[in-house]
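Each reported figure results from applying straightforward, stated rules to the coordinates on display, with no laboratory input. A quick note: this is a predicted structure, and the numbers were derived from the prediction, not measured. Note that each Cβ is placed from the backbone with ideal geometry, even for glycine, and that neighbours are counted across all protein chains shown.
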Amino acid sequence: MIDLHSHLLPGIDDGSTSLQESLKMARIYEEAGYGQVVATPHWIAGTSWMPTPGEVRVQVASLNQRIKDEGINLSVLPGMEIALDPKIPPLLDEEKLQPLGQTSYVLIETPFQILPLGWEQIFFAIESRGYTVLLAHPERCAQLADKPMLFDGFIEKGIYLQINWASFLGYHGREAARLARYLAAKGYIHCLATDSHDADNRHAGHVQRAAREVENLVGPKNLQLLARENPTRVLGGEPLAPMSRQNLQDTPKSKQRWFFGHR
Ligand SMILES: [Fe+2]
């Protein structure tokens, strides 16, 4: 499996705090069945978290070497989780932001409260430069929880949605769990990722349990699409496939009504 969202680089953001912790996280990934992980440290304009692509790549190379030395079967690729900001399009022109691996996919962090004014123009400017937006954990945004119809616009604009596995287990609170289920029922999810931050709580060890929840909601074919097929397409630079409505219809009717009827 491939994880497209991970804070396993040591000492660069609020993720792993040491090389030892990063190696522990790498072992957890290996045990959970992952072969590739994209390191996506936070990039937030105007803060101390503004790594350059060069810095990320140097750290990734050094972590890969240590992972190999330890005999762990995992490869790490460079990426960033870029907080939504009007400065993103010009910085992409200057190659100051790191897309996911060698691709033109950019992982954009959804704000936890409200989207900045003019967010539609920011996404348009990013995509008109040939980049594709993968929106990280939109289920954790309060404004989107209040106005879930905004998701229709994301899907119409070709913005892809990455949901955190842990949201299905309630680890990000009741609202995020509710919204994750709403998006699953709408068929609006494109891929799932761990958003791992440490070796104690937020890591790949919960994925198997979350996968059972997701499978109950969307069926086994959609689970494969979100967990394996679409993440593979991202790293191949290919467009993503939408969830199959056919498999959603397998979801018991009573459940569907609850998901669609809520709000
Ligand atoms: Fe993250």
Here is a check on your reading of the model: is N222 within 15 Å of the ligand (Cβ to nearest atom) and of a type in the set (S, T, N, Q)? no
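Rundown of residues vs (1) touching a Cys at 6+ places or on another chain (Cβ under 9 Å); (2) of a type in the set (F, W, Y); (3) closer than 24 Å to C191 by Cβ, yes/no style:
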{"residue": "Q20", "(1), (2), (3)": "no, no, no"}
{"residue": "Y29", "(1), (2), (3)": "no, yes, yes"}
{"residue": "A39", "(1), (2), (3)": "no, no, yes"}
{"residue": "S48", "(1), (2), (3)": "no, no, no"}
Could you figure out which of (1) surrounded by 14 or more Cβ atoms within 10 Å (Cβ to Cβ); (2) within 13 Å of the ligand (Cβ to nearest atom) isn't true of P53? (2)
Hey, Y29 assigned to a helix (DSSP H, G or I) and within 14 Å of H203 (Cβ to Cβ) or not: yes
I'd like to know if region 173-188 contains one or more residues that are within 16 Å of the ligand (Cβ to nearest atom), assigned to a loop (DSSP other than H, G, I, E, B), among the hydroxyl-bearing types (S, T, Y) and in contact (Cβ under 8 Å) with a residue 24 or more places away in the chain. no
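Listed here are the residues, each with its yes/no results for (1) within 16 Å of the ligand (Cβ to nearest atom); (2) under 30 Å from L179 (Cα atoms); (3) free of Cβ contacts under 8 Å to residues at least 40 places away in the same chain; (4) crowded, with 22+ Cβ neighbours inside 10 Å.
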site: L4; (1), (2), (3), (4): yes, yes, no, yes
site: L23; (1), (2), (3), (4): no, no, no, no
site: S62; (1), (2), (3), (4): no, no, yes, no
site: I67; (1), (2), (3), (4): no, no, no, yes
site: S75; (1), (2), (3), (4): no, no, no, no
site: M80; (1), (2), (3), (4): yes, yes, no, yes
site: L84; (1), (2), (3), (4): yes, yes, yes, no
site: L100; (1), (2), (3), (4): yes, yes, no, yes
site: I114; (1), (2), (3), (4): no, yes, yes, no
